[in-house]
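The structure appears below as C-alpha cells.
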Amino acid sequence: MGLDVHLEISRARPGRSLEEALRAAVVEGRLAPGTRLPATRALASDLGLSRTTVAAVFAQLTAEGWFTARVGAGTWVAERQAAARPGTVASVRRPGVRVDLRAGIPDTTGFPRREWLAAVRRAAGSPAADLGYPDPAGTPRLRAALAAYVARTRGVVVPPGGLVVGHGFGDLLLLACRALHDRGARRVAVEEFGLASHRALVASAGLEVVALRVDQDGAVVDVLDDEVDAVLLTPAHQFPTGVPLAPDRRRAVVAWAQRTGGTILEDDYDGEFRYDRRAVGALQSLDPGHVVYLGTASKALAPAVGLAWAAPPDDLLGDLLAQRELSGGQPSGLQQLALAAFLEDHAYDRNVRRLRAVYRARRALLEEVVAAELPGCEVGGLPAGLHGVLRLPAEAGVDAEEAITRAAAARGVLVETLSAFRAPGPADPASAIVVGYGGATPGQYERALVVLVESVRAVLTG
Ligand SMILES: Cc1ncc(COP(=O)(O)O)c(C=O)c1O
C-alpha cells in the first residue's frame, strides 16, 4: 500500500483516536485528496487494531464526506471543493459544495492582475540594495506607502517609529501577544464572537483568553478592569455580528487603557468597506499610545498577497521587532516592494473602490431578498464589510441555525451559523446565519441566495 502517515492512536480509545488522527491528517494535507487508503485489514494489522474498529472509522469518515468509497474497490481521500480558511477547516469539508458563502472570504475573481503584474515588474527593477535582507520592520518603501494609505483612508496616526509589516493579521497578532506576554501581560479579553483561530493564537502566546460579551453596541467594554492586560476588538465592524463599537464604548475602552496601562489590539480587517456612509476612522487615532492598529491586504486585495501591517505604540515597537527576529523571518522583500509599487500607483485604492461597488450590490441584494422572501427574518449588522448576518425570528428554536446550514450544504451552498463563531461557554442561542458575499463567483451568488431562502423556509416551516 506504501502509505506512510503518522497516526497517533490511543490504546484507551483506539476507534475515536484513529478517527481524529485520520481527519487531522486530511485537514493538514498529510493525506492529500485522491490518496488511496490502505485496506482496512492491512491498516488494522499495522496499527494492532481490530478490523471492525478500522472499518467503522472508515465508514464514519466516508459518511462525513472526508473519504469516498467504492464497494469492492477501496477507499480514497475525497476531493475538496472549497478553499481553506483558518479556524474553520474542520467544519467545512463537504463534498458537492459549489458555492462558498462563508464569512471573511473576499472576491478574488476580479483581482487586478495587469496592475499587479506592473507592480511586480517595478519591484523586480528595484536597485540591488533593495534586494538584500529586508528591514525586520518591513521595507522602507512599503512602510512609507502604507503609512500614507492608513493615515488617508483610516485616520490612523502613524507613530514616530512607523509601521511594522507582517505575513498576515495572525502573524502580527501573535508577535504583539508574545511581546505583551514578555512585558508581564497575562490576560487578554477577546470578543465572544470571532474566529477560534485568533483565540487560539492569543492563547498560544501564554495568555489567558477571557470572553467579552458583544451586544448591539459592540463589545461590552465597561466590564474591563485592571485584571485584564489587553483587549482584542473589531471596532469598525464586529466580526461576525456586524455591529460597530458605539462611540461611548470607543471612548470608554480608551479610558480603560489609559487608567490601567492596558493595550487595545484593533483588528481593522474590513474597515475600507462601508456602504451607507463614510467609514468611521480607526479607534487608534483616539490614543496611538495605547492601541496597536492592525490592517491587512487580505480583504481589500487578496489573501494570497499575504501581507498585513501594524501601527504599534512606540514603546511596544522594540519588543515587537524582537519577536519578529525570534519568529525566524519576515515577509518576502520582493512581495513587499510589489505592494509598495501597487499602493504608490493608487491601484490599491482603485481595487478597494471596485470591490466596494461589488460588495455594496451583493449586500443590497441580500437585504432585498430577505425582506421580500423571509418575513420575520432580517439582515442585522452594518451595511459594511464582506458579510451580513441573517437573523432568524425569535420563535425559530435553537436547532434552526444548524438545520439551515445543513439544508443549504446539502444543496451545495456553504454558510455558517453565528454560534460557530462563539467562544466556548454558556450563552443564549444565537439564531442567526452568517452570510459572506465575497466567496461566490459572479452569477453564483444569486442562485445561492435562492437556495439559502429555500433552506430557511424549509426549516422554519418544518
Ligand atoms: C476578524 C478577522 N480579522 C482579520 C482577518 C485577516 O487575517 P489575515 O490578514 O491573516 O488574512 C480576518 C480574515 O478572515 C478576519 O475575519
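The values are calculated or read from the model by the stated rules, or taken from the named source; none is laboratory data. If you're wondering where the values come from, they're calculated on a predicted model, not measured in any experiment. FYI the Cβ positions are ideal-geometry reconstructions off the backbone, even for glycines, and counts take in every protein chain you see. SASA here: full protein model, heavy atoms, side chains in, ligands and nucleic acids out. Shrake-Rupley method; radii C 1.70, N 1.55, O 1.52, S 1.80 Å.
Here are the numbers for this structure:
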| item | result |
| --- | --- |
| Close pairs from segment 277-290: first touching a residue at least 12 places away in the same chain (Cβ under 8 Å), partner acidic (D, E), Cβ under 8 Å, at least 6 apart | A279/E272; A282/E266; A282/D268; L283/E266; Q284/E266; G289/D314; G289/D315 |
| Search result, residues across segment 262-282 that are assigned to a loop (DSSP other than H, G, I, E, B) and away from the ligand (no atom under 15 Å from the Cβ) | G262, Y275, D276, R277, R278, A279, V280, G281 |
| Boolean, G333 is more than 21 Å from A205 (Cβ to Cβ) and away from the ligand (no atom under 16 Å from the Cβ) | yes |
| Residue match in segment 351-368 (condition: open to solvent by 60 Å² or more (accessible area, probe 1.4 Å) and more than 24 Å from the chain's Cα centre (by Cα)) | yes |
| Whichever residue in segment 396-409 is in contact (Cβ under 8 Å) with a residue 12 or more places away in the chain and open to solvent by 60 Å² or more (accessible area, probe 1.4 Å) and, among such residues, is farthest from R457 (Cα to Cα) | V398 |
| Residue that is least open to solvent (accessible area, probe 1.4 Å) [pool: residues in segment 91-130 that are away from the ligand (no atom under 16 Å from the Cβ) and modelled with pLDDT under 65] | V97 |
| Close pairs from segment 214-226: first open to solvent by 10 Å² or more (accessible area, probe 1.4 Å), partner in a strand (DSSP E or B), Cβ under 6 Å, at least 6 apart | V214/E191; V214/F193 |
| Residues being open to solvent by 40 Å² or more (accessible area, probe 1.4 Å) and either in contact with a strand residue (DSSP E or B) (Cβ under 9 Å, 6 or more places away or on another chain) or assigned by TED's automatic domain parsing to the domain that holds A432 (or both) - total across segment 199-213 | 6 |
| Test: residue in segment 366-374 that is modelled with pLDDT under 95, under 30 Å from Q444 (Cβ atoms) and of a type in the set (A, V, I, L, M) | no |
| Subset tally (residues that are over 23 Å from R362 (Cα atoms) and part of a helix (DSSP H, G or I)) for segment 440-462 | 3 |
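Residues are listed down the side, and each one gets a yes or a no for (1) open to solvent by 40 Å² or more (accessible area, probe 1.4 Å); (2) within 16 Å of the ligand (Cβ to nearest atom):
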site	(1), (2)
Q284	no, yes
V291	no, yes
A302	no, yes
L307	no, yes
A310	no, yes
D349	no, no
V370	no, no
P375	yes, no
